[in-house]
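What follows is a short report on a single structure.
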Amino acid sequence: GVDCGAEPRMCCRQEFFVDFKEIGWEDWIIQPEGYHMNYCAGLCPLHMAGVPGLAASFHTAVLNRIKAASAAAAVDSCCVPTQRRPLSLLYYDRDSNIVKTDIPDMIVDSCGCT
Amino acid sequence: AAKGSWCPACGVAALSPGTQRDALLALAKQSILAKLRLPARPNVPQPPSRGALLTALRRMRAQRSDTAAAFPGMLRDGRVLPRPGMGLQEYEILSFAESGSSTAHSVRLHFRFSQEVAGSTEILQATLYLFWAAPGHGAQPVTVRILQPDPAGTNTTVTIETRLEVQKSGWTTLDVGAAVRSLFRRETPRLTVELEVPEDWGSPLPSNHSDSHWPFVVVRAQARKPHRVHRR
């Protein structure tokens, strides 16, 4: 996967960190201090379709050439997460019990084109 | 956005950085509350004392390593411990006792659980941790009763009564999985436990709430499997 630079053009992972203190949630969420709500952004022209990451194989290069050549008659694909991991939370519920849970698929690690 | 209706990365109108940040913060709050099945963020909690919390975490870790060492992959009632990564969200809930009515040598404890978790999970394990400050020597009888309110909520009935012989001061654990499983189906999931000790012991509870020997319950629960609809 590719991380976005200053001006994301092609599909990449845009980092975004939510600081629980900033949103006033640090009193009921014990750990962690924030949430990496990364998201995918950028273009997926046809020749990038099906490229969840930069597979540098001959087959991929040929396939991209074919797609690029027929790009005029096709539509774009989407930039979506290709790898995600859980968000582990330790928090107080409304009865002041301490709850630990792992919420699956909450943190985007990498993006690619569908 | 409904899946397949439009692609958020394709052709979204550019937002100003401030507006975009506010939208993302709002989305983060909504997403976390939804995954925790919370209608809104909980009120400001009443945290337990640091001593009680550290003792509880230490006992939980000791309990888990005992169980894992003796029965790798096995729950105490013989069911197989779900492997992490099976995809279902798991919860570990640590609930400290609230003291209720008492006499010179008995006391009622209440453990409250939130309806959000109770209503959408199945119990894997529930353990009650009690500390006995036994004065004197030799085996001394104590009684632990699990009480359940009757449907009208006015009286309570004893559902489980356990008699223990306490040799010396220390912690004991009691499996309360069945009791917690039944109360998790109630509107207000609250576990009530009654402790009774010999006359000369005095109160079965430590003198103050911040004592590190304060009773607590640990519940391990797993999100209920979603109800799958098979397309014919």
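A short reminder: the numbers here are calculations on the coordinates, not readings from a lab. Everything numeric in this text was worked out from a predicted model, so none of it was measured. Backbone-built Cβ (ideal geometry, glycine too); neighbour counts: all protein chains shown.
Here the calculated FRET efficiency for B:V158 and A:L90, from their Cβ-Cβ distance with R0 = 35 Å, stands at 0.50, rounded to the nearest 0.05. Other residues with beta-carbon under 11 Å from the beta-carbon of B:L33 carry, at +1 per Lys or Arg and -1 per Asp or Glu, a net charge of +3. Centroid-to-centroid, using Cα positions, the stretch B:15-34 and the stretch A:92-114 are 16 Å apart. Taking other Cβ atoms within 10 Å as a rough exposure proxy, A:D3, B:D211 sort from fewest to most as A:D3, B:D211. Note on B:R186, B:R231, B:R58: ascending count of other Cβ atoms within 10 Å places them as B:R231, B:R58, B:R186, the fewest first. Note that the stretch B:96-106 has calculated 3J(HN,Hα) couplings of 8, 6, 10, 7, x, 5, 8, 10, 4, 9, 8 Hz, one per residue in order, obtained from phi through the Karplus relation 6.51 cos²θ - 1.76 cosθ + 1.60 (θ = phi - 60°); glycine and proline are x. Label-to-label distance for A:V2 and B:T103 is 7.7 nm, based on points extended 7 Å past Cα in the beta-carbon direction. The fewest-to-most ranking of A:Y35, A:Y92 by surrounding Cβ atoms within 10 Å reads A:Y92, A:Y35.
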